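The numbers here are math on the coordinates, done by the rules we state, and not lab data. Remember, it's a predicted structure, so these values are computed and weren't measured experimentally. Cβ sites come from the backbone with ideal geometry, for glycine too, and all protein chains shown count toward neighbours.
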Amino acid sequence: MKTLVIIASHNSTSFNNAIKKRAVEKLKNDGHDIVVRDLYEMNFNPVLTKNDFEKLHGNNLPEEIVREQEYIKWAEKIIVIYPIWWTGMPAILKGYFDRVMLYGFAYKFDNTGLVKLLKGKEALIFSTSGQPKEHYEAIGMYDAMNKTTDLGIFDFVGINVKKHIYFPSIISANDSTRNEYLNTVEQELN
């Protein structure tokens, strides 16, 4: 299976990178073709500029956007890994979606309404947070994030989110808990 792994973690020693490492190892062992896009390592520019819009309307997108769109077109499965910051994804990842999932590439509208152009792909999302699970559940934050990310981004363009898995209290988690989380990553990749 052609699998695209997108990670947005500024720290190469973070638990998010441990998730990436475990996922990539598992996918390789299972025979997947894998491409990893580490947005911080790439120094990806998350700002959708006026110039980007002008180029979009002139069908002359910047090469970095075209390249990322090619990876998304290529992928059958997309794995996204990120820490939750201020109840959402880091700006670099949101900017990735802003700049790459463009009108005419990821979606369009016709006389029947919304046309989802990325149907047939699936996504698996892993998010870490410092907050305890009970806190986010009590205030409805998981539901809110599922709506804005799973439905508002992925479903909007036709990508089926197989699962969005949250790993809470990551800052205070002990090694045993972190190992359980990594085992969950492997299990979800089956």
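Here is how the numbers come out for the structure above:
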item: Residues of segment 84-102 classified as in contact (Cβ under 8 Å) with a residue 12 or more places away in the chain, part of a loop (DSSP other than H, G, I, E, B) and over 15 Å from residue 164 (Cβ atoms), total; result: 3
item: Odd one out for residue 66, checked against (1) in contact with a strand residue (DSSP E or B) (Cβ under 6 Å, 6 or more places away or on another chain); (2) of a type in the set (Val, Ile, Thr); (3) without any contact (Cβ under 8 Å) to a residue 12 or more places away in the chain; result: (1)
item: Set 185, 161: member being assigned to a helix (DSSP H, G or I), surrounded by 12 or more Cβ atoms within 10 Å (Cβ to Cβ) and touching a residue at least 24 places away in the same chain (Cβ under 8 Å); result: 185
item: Residue list for segment 1-21, restricted to those being in a loop (DSSP other than H, G, I, E, B) and either buried (at least 22 other Cβ atoms within 10 Å of the Cβ) or among the charged types (D, E, K, R) (or both); result: 8, 9
item: Any hit, segment 110-120, residues being of a type in the set (Gly, Ala, Ser) and either in contact with a strand residue (DSSP E or B) (Cβ under 7 Å, 6 or more places away or on another chain) or crowded, with 18+ Cβ neighbours inside 10 Å (or both); result: no
item: Any hit, segment 41-51, residues being farther than 15 Å from residue 81 by Cα, crowded, with 18+ Cβ neighbours inside 10 Å and within 15 Å of the chain's Cα centre (by Cα); result: yes
